[in-house]
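Student: Have a look at the structure that comes next, please.
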Amino acid sequence: MLPVIALVGRPNVGKSTLFNRLTRTRDALVADFPGLTRDRKYGQASYDGFDFIVVDTGGIDGSEEGIETEMAEQSLLAIEEADVVLFLVDARAGMTVADQAIAQHLRKQEKKVFVVANKTDGIDADSNCAEFYQLAMGEVYQIAAAHGRGITGLLNSALQPVIEDLAKERQQLIDEDPFAAYDDEHQAQGEGEEGEQEELADKAIKLAIIGRPNVGKSTLTNRILGEERVIVYDMPGTTRDSIYIPMTRNDREYVLIDTAGVRKRKKVSDVVEKFSVIKTLKAIEDANVVLLVIDARTGISDQDLSLLGFALNAGRSLVLAVNKWDGLDSDVKDRIKSELDRRLGFVDFARIHFISALHGTGVGHLFESVEEAYDSATKRISTAMLRRIMDMAQADHQPPLVRGRRVKLKYAHAGGYNPPRIVIHGNQVHELPDSYKRYLMNYYRKALDIMGTPIKIEFREGD
Ligand code: GDP
Ligand code: GDP
């Protein structure tokens, strides 16, 4: 369970600067959701030992009439769903009317809010910040986002208690839960020790069904649940959490992570759950395999690509379902397929299924790919095998010369799994062109028969 921090404040106080600093170590995870949100940014952050999701709610200018209507729905939702709100103000500009309006709005939210005075570099910070105590929102934290000053202290105060609460909450759920098979503690992430492989085979596969609003997530979830014996136990969760539904399929245990909130609704036609990017992010983080649903009727959107980016960067296994495949003309189908080829080349490891959740067509086959992806991601591969494949790849196609010297791969070993990581040692390996890295990855993928999961190759200089 990752804590969520929302950054709130009027324009120009330094929200993006702070956002970038917080997400820098994992900056590839930053994604915009154009259209859906007024250029809100969501990112996975890792800062000074803290892991969390950060949302730059941006664009609130408290001077408008009726702040609620002016704020994008996702910004409001982000504040609602956040564990902590960082309310940024500008220490140089001093208090403004807009700050007061935002404060008033936040006070109504019953949220844990921290007032953060930014740009305290090169000024008499204490006297400049004094007036922000008038907001009556407690301590005023002094930072200089541009210089990384004060951030660790702020996170210690803002996040530590939340993390402890979340851990307690989670422990309670596990204590109450007869199907604690998806307890994170035992999920393999990385190490890849002997013996763990067998243990993994017994674990429930956590499958997150994600996608934009209206692509058919609920319909698909209902279809899956309708066909299967569902162990009638819904993981209790708050409104901002997905519902966890244990089920079995083909003799394997699953926990469906339902981001569409199906089990809470009686029928698909009941009030549709608000699409929440945060909920989706958390589901991806918690899943072993991500099933991304795309709507054949609308084609691939930027939001689909953003969601894919999240899944990819989290290193999750992936299966794609192109839904609403029923009743389409064959020329339309061809057009969609060529669009998929063109735009989804970067996730060519993922199987694509064409389904109709409404009619149930193709739904059964999805699970073959989900299983394959999970097994691929958790497969244990011996050093001898990795080394042999490396030698074969090198013999088939030599690495290039760099400044007159041939790059030489010497040794390979496993660096972990879920997703599989391969470490290759050699001379000048950092000079390897991307094309050769891609060649190696594809070679490993074929030789090891790994499908549905990204493979990460790390290169190290020397033996
Ligand atoms: P946003 O509109 O709230 O996202 O604000 P930005 O992050 O875009 O920052 C607005 C301006 O403030 C930019 O010119 C930043 O370089 C500047 N800025 C941000 N943080 C600091 C800081 O810690 N000190 C100083 N002196 N300037 C800063
Ligand atoms: P969600 O917002 O992603 O959960 O989407 P829903 O499951 O609520 O579906 C949105 C709309 O698409 C509903 O009107 C569904 O009946 C319709 N729909 C879902 N799956 C299919 C499908 O396979 N074919 C067709 N033609 N319509 C579908």
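Please treat every number below as a calculation from the coordinates, not as lab data. These numbers were taken from a predicted model, which means no experiment stands behind them. Because the Cβ atoms are built from the backbone with ideal geometry, glycine has one as well, and the counts that use them run over all protein chains shown.
Student: Output wanted: per-residue J couplings in Hz (rounded whole) for region 340-348, from phi through Karplus 6.51 cos²θ - 1.76 cosθ + 1.60, θ = phi - 60°, x for Gly and Pro.
Tutor: Ordered by residue, 3J(HN,Hα) equals 4, 4, 6, 9, 10, x, 6, 10, 5 Hz.
Student: Explain nothing, just the number: dipole magnitude of region 311-427 about its Cα centre with +1 on each Lys and Arg Cβ and -1 on each Asp and Glu Cβ, in debye rounded to the nearest 20.
Tutor: Dipole magnitude for region 311-427 comes out near 1000 debye.
Student: Let me ask something else about it. On a full-extension model of 0.36 nm per residue, what is the gain between ALA130 and ASN12, subtracting their alpha-carbon distance, rounded to one decimal in nm?
Tutor: Working it through step by step, the gained length comes to 40.5 nm.
Student: Still on this structure, please answer the following. Summarise the long-distance tail of P(r) for region 378-444 by giving the % of C-alpha pairs beyond 14 Å.
Tutor: Above the 14 Å cut-off, region 378-444 has 57 percent of its Cα pairs.
Student: Quickly rank 79-88, 341-350, 102-111, 10-19 as a protection proxy: mean count of other C-beta atoms within 10 Å, highest first.
Tutor: Per-residue mean Cβ counts within 10 Å order the peptides as 79-88, 10-19, 102-111, 341-350.
Student: Using only the Cα atoms of region 104-161, each taken as one equal point scatterer with no solvent, compute I(q) by the Debye sum, divide by I(0), and report log10 of the ratio at q = 0.14, 0.19, 0.20, 0.26 Å⁻¹.
Tutor: Debye intensities relative to I(0), on a log10 scale: -0.41, -0.73, -0.80, -1.13.
Student: How high is the FRET efficiency between ARG387 and ILE163 when r is their beta carbon distance and R₀ equals 45 Å, given to the nearest 0.05?
Tutor: 0.65
Student: Hey, another quick one. Amide H of ILE422: which non-local residues (sequence gap of 5 or more, or other chain) have their own amide H closer than 5 Å, using H built in the peptide plane?
Tutor: GLY415, LYS456, ILE457, GLU458
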